[in-house]
Structure formats: C-alpha cells, structure tokens
Amino acid sequence: MTEHRTLRVALLGAGSVGSQVARLLLAHADDLAERSGARLELAGILVRNPDAPRDAELPRELLTTDAEALILGADIVIELMGGIEPARTHVLAALRSGADVVTGNKALLATHGAEIFEAADQVGASVSYEAAVAAAIPIIRPLRDSLAGDRIVRIFGIVNGSTNFILDSMDREGLAAEDAQRIATELGYLEADPTLDLEGYDAAQKAAILASLAFHTQVSIEDVHRQGIESVTAGMIADARRAGYVIKLLAICERLGGAEGDEISVRVYPALIDRDHPLASVHGGNNAVFVEAEAAGPLMFYGAGAGGAQTASAVLGDVVSAARRHIAGGVGIGESARQSLPIAPIGRITTRYQITLEVEDQPGVLATVAGILSEENVSVATALQTVDADEAATARIVIGTHRASEEALSGTVARLAGTPVVTRVVSVLRVEGE
Ligand code: NDP
Ligand code: HSE
C-alpha cells in the first residue's frame, strides 16, 4: 500500500451529520487515503456532553469538550455544530491557524460569510460548504466551478428537506402537520431549532448562499424576502389539490434587468406548483434545484436534501478536496463578490396569484370583487365560485390572476379584506413554475 502523509482532522459536532462523518472517516480510511493522497486521522470530536448516549460505533475516547486544543494543530476542521456561536469563533480560530474548514452550517455562512471568507483569504485557506445547501446534492461545486464560465440567470427550487417532507406528507398521506413534523424530527431532517425550517429561515439562508455564488454578490439573510409554511393549513393543501396544484416551499434567486443595470431578487415562500411540473414530484425529504444559465440553458439537480448519512457524503467530498489541496499546496479558491449587484425590492417582483375568498352568498358579489381587482390593475385569469353546503349563507370565490406585481397584489388584498361582502381572505398564494 502507498505510504501517505497524515493530515489531522478535527470534527466539531457528533449529531445527526457529525456522527455519520466520523463513521465514514473511520470505516473508509484506506479508501479515503487513496482518493485524497493523505491519511485522514480523526484527531478528536467536539461535543457538548461526552457522557450523552451515542451510537455505539462512535469512539468515545475521541470525544472532547476542549475546542481550543482540538483545533490547534488540525489541518482540516469540520464544523457540524450548527448555530452561530461558538461555531463562528471556532471556524475563525481554525482559519487563523491555517487549517482548511469544511462546514454544513448555512446559518453561519448566511450571516457571517463575508467575515469567514475574508479570514480564509488572509491565510490562503479554503472554506468548503457543499453540505450547507441541499445536503447530498452537488450544487455548490457546479455553481462555483462547472458553471464558472457561464452567466447564471435564475435558480429556482426546493432547498429545505423537512418542510418538503411535511408538505408532501400532508398532501399525499393526509397527515396532520404535527405528525409529519414529528416524523421529520425522527429522521434528523429538522434543525435543532425547528422554527428555522418552518418559518423559512433555513431555506432563506440557503438562497442567500446560492445567490451570492451565482451572482458574485454578497447576499445575506437580511436581503432575502422570506415566508415560511406556518400559515399553510390542511385546507389550503386540499384546495390546491382540487385545483390541480401542490404547495411547495420555493427558493428563487433571479437576475432582473433594470433601467440602471442588473438587479437581483432572492425570495422564499410557499407557492402553488402545477401537479405536472417536475417539482411537484419531489417527495419526502428530497430537494430539487433548477439552475438556468445563459449558455448551458436549464439544468436540474435532484436528491436527498437532508439526513445524517446523505449530508455526510457531501461533507466527505469537501474533506477529500481539502486534503488534496493540502498535498498539492497553493491557496484555497476565494469567494467572489466582484459584481455587488443591488437587491430589488419585493414590490417589483411579478407573479401569478391565486386568491381564495369566503364571501356572502348574494347577487353581485363576484362583480364587486372583480371591480376591485380591475381598479387595482390586477387582471383576472380565472374565477370560480362555489357555495358552501354547510353554511348556505357563504360562498367561496377562487380567483386566478395574470402576472401582477407584489405591490399591486398587496394593495388589492388589503381592499378585499376590508370589503363588507368578503367575510374572510382564506389564502393568497403565488403560482410559480409556469
Ligand atoms: P445536531 O444538533 O444533530 O448536532 C450538533 C452537534 O454539535 C452535537 O453533537 C452537539 O453536541 C454539538 N454541539 C452543538 N453545540 C455545541 C457546543 N456549544 N459545544 C460543543 N459541541 C456542540 O446537528 P446536525 O448534525 O443535524 O447539523 C449539523 C450542521 O449541519 C448544522 O449546521 C446543520 O444546519 C447542518 N446540516 C444538517 C443537515 C441535516 O439533515 N441534519 C443537512 C445539511 C446541513 P452534543 O452531541 O453533546 O449535544
Ligand atoms: N433542516 C434542513 C432541511 C437540513 O430540512 O433541509 C438540511 O439542510
């Protein structure tokens, strides 16, 4: 067997992902040495509580709570703790000591990315984060390397596995949201703080990372228009199904041509997708990302968007390339923010909408509603009125609009909500993917 140089690997975190990374590093040690050109020695594993019950395969003697000692002298530091602090402090300490960093921490990158990439540049170290977006799916490397000669126009897709699992289980199996969330937790899909997933922060962090790479612009979480799935009810999912749609939490990063030059829009929200659209058949914890590039045209990336072993695969890929760089020498590839494109306000974005209203069942209601839409310059594509059999006094109107701006739409919805014949605005959903 070839004699390899040994590189010391420090692993920060032994949770859903970290424990799988440790397992693969140990189980495939010989193979990884051949692939990377270096023997990867797992020097230690940082945890909060070394006495907590853990997978029997995890070598207990490697567990430590001494981050400083573990990071000092490491060639590669793998951060899989999650959250901002102390992850940020440990990542910066690792980079300042000259180690390469591999992380799956989108929260950290979407809030402190600029600081971390600058720290890496200063010492010529690398920061790799394939696992931070869409877990097992290779999407960071394609954007950073394979498409480096092209111009990205749009990224559009499902980047959060747990909310996709929840929406999909509600749609296909009729599960209650709480039951679907419990199963997603058992599968290790949810963040330690599940509101990050449910309220769309996790998807927004990933959208910020994708937009930064695609448009060479520093995009942070504050730049992303965000709406989660907390207001999506079983009723909305059933209504969508009856109308031939499915509800998906989408992340959209777009380059928009403006009078003053290009702008970008980065947004996350639940939207209606036609059941024939490829994204409608992304089930369970899977993710799918469409990338539209000027020369390459549309590309689709699909696979596991969450899960310990699946995410560990992406982490290990980054570890092998960091090891190869250590062996070959040279500096890590820096992040590019050379374009610094402005972020377009959400009011400028146009989409189609579906508005569901509960109205009084009396003559002229449809005409009143249509009149308001017309006055607000929102053009109606379809309108359907149904009478609620149980409550004969009310009816439902489902209006599909042509493309309208967010600004015009929000003005329209506010007026509709204040109209006496409208008893309730049941839902307002964007229709995407057309
Ligand atoms: P877990 O919550 O399962 O694990 C976190 C680990 O970090 C635990 O071992 C914990 O120690 C340790 N840890 C946390 N805080 C500290 C601290 N202050 N000091 C020492 N150790 C600490 O997280 P996941 O494995 O699910 O996720 C890890 C990272 O990967 C996150 O950034 C997440 O966003 C990202 N990711 C997760 C995916 C998934 O499917 N789970 C997919 C893609 C990315 P202890 O065990 O003692 O509690
Ligand atoms: N909580 C995340 C998700 C894990 O559900 O997609 C993968 O990043």
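The values are calculated or read from the model by the stated rules, or taken from the named source; none is laboratory data. It should be emphasised that the depicted structure is a prediction, and the values quoted were computed from it without experimental measurement. All Cβ positions, even for glycine, are placed from backbone atoms using ideal geometry, and neighbour counts span all protein chains on display.
Side notes on the structure shown:
- Extreme residue, surrounded by the most Cβ atoms within 10 Å (Cβ to Cβ), among residues of segment 89-112 that are within 16 Å of ligand 2 (Cβ to nearest atom) and more than 16 Å from V21 (Cβ to Cβ): K106
- Flag for D276 being surrounded by fewer than 23 Cβ atoms within 10 Å (Cβ to Cβ) and within 18 Å of V153 (Cβ to Cβ): no
- Meets criteria (part of a loop (DSSP other than H, G, I, E, B), at pLDDT below 95, over 12 Å from the mean Cα position of the chain (by Cα) and not charged (D, E, K, R)) for G257: no
- Screening the candidates A184, A136, A203 for the property of being within 13 Å of ligand 1 (Cβ to nearest atom) and not in a helix (DSSP H, G or I) yields one hit, A136.
- Members of segment 411-434 found to be free of Cβ contacts under 8 Å to residues at least 24 places away in the same chain and more than 15 Å from T368 (Cβ to Cβ), listed by number: A414
- Of the residues G334, G329, the single one that is within 30 Å of V17 (Cα to Cα), away from ligand 1 (no atom under 16 Å from the Cβ) and free of Cβ contacts under 8 Å to residues at least 24 places away in the same chain is G329.
- On inspection, V315 fails the criterion of being crowded, with 22+ Cβ neighbours inside 10 Å, at pLDDT 95 or above, within 16 Å of ligand 2 (Cβ to nearest atom) and under 14 Å from the mean Cα position of the chain (by Cα).
- Just one of (1) within 15 Å of ligand 1 (Cβ to nearest atom); (2) small (G, A, S); (3) outside any helix (DSSP H, G or I) fails for A131. It is (3).
- Boolean, L190 is free of Cβ contacts under 8 Å to residues at least 24 places away in the same chain and either farther than 28 Å from V319 by Cα or within 16 Å of ligand 1 (Cβ to nearest atom) (or both): no
- Residues that are in a helix (DSSP H, G or I), modelled with pLDDT of 95 or more and surrounded by fewer than 20 Cβ atoms within 10 Å (Cβ to Cβ), drawn from segment 151-178: R172
- Selected residue (criterion: farthest from ligand 2 (Cβ to nearest atom)) from residues of segment 122-160 that are over 16 Å from F215 (Cβ atoms), among the small types (G, A, S) and out of contact with any strand residue (DSSP E or B) (no Cβ under 6 Å at 6 or more places or on another chain): G124
- Any hit, segment 250-259, residues being within 25 Å of L143 (Cα to Cα), within 16 Å of ligand 2 (Cβ to nearest atom) and either of a type outside the set (V, I, T) or in contact (Cβ under 8 Å) with a residue 24 or more places away in the chain (or both): yes
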